[in-house]
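Report on one structure; see the data block that follows.
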Amino acid sequence: MSRTDVVDAYFLEHRAKLLDIAAFLDRVDRAGKAGDEADDFRITALRRALEVLDDGKGDRVRRVLDLMSDTSSELVDVAPGKGACGTPPPAGSGA
C-alpha cells in the first residue's frame, strides 16, 4: 500500500480513537485532582505515550509498550487492587 492508500484506509478510524482519548482526558480534567496530589500514574504514563507518538521517531509501538509494561521479575505475595492497571506504578508506591 502507498502512504496515501494507508491514510485513505485508516484515517477516520484513528481520528475516532484520538477523539476518544481527548474525551477521556477532558473527563479526567473535569473531575479535578484530589487536593494538590499529582496526576494518577496511569494518566502520567498515557501523557508520556502521547509524547512518544508525536516525537517523529520510528518504532512507536515498541516504545509505547516498553513505557507501559511492567518489566519486574519478582513475584508479589498479594497483588494490590483487582487486577492489571495497564502500566506499572511508580516504584515504592504500593499501587
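Derivation of every value follows stated rules applied to the coordinates shown; laboratory data play no part. Quantities reported herein were computed from a predicted structural model and do not represent experimental measurements. Virtual Cβ from ideal backbone geometry, glycine too; neighbours counted across all protein chains shown.
Cut-off is 10 Å between beta-carbons; in what order do Thr87, Thr44 appear when sorted fewest neighbours first?
Least crowded to most crowded, the residues run Thr44, Thr87.
With a point put 7 Å past each Cα toward its Cβ, work out how far Arg47 is from Asp66 in nm, to one decimal.
Result: 2.2 nm between the two label points.
Exposure proxy check: Glu74, Glu51 ranked by fewest other beta carbons within 10 Å?
Glu74, Glu51
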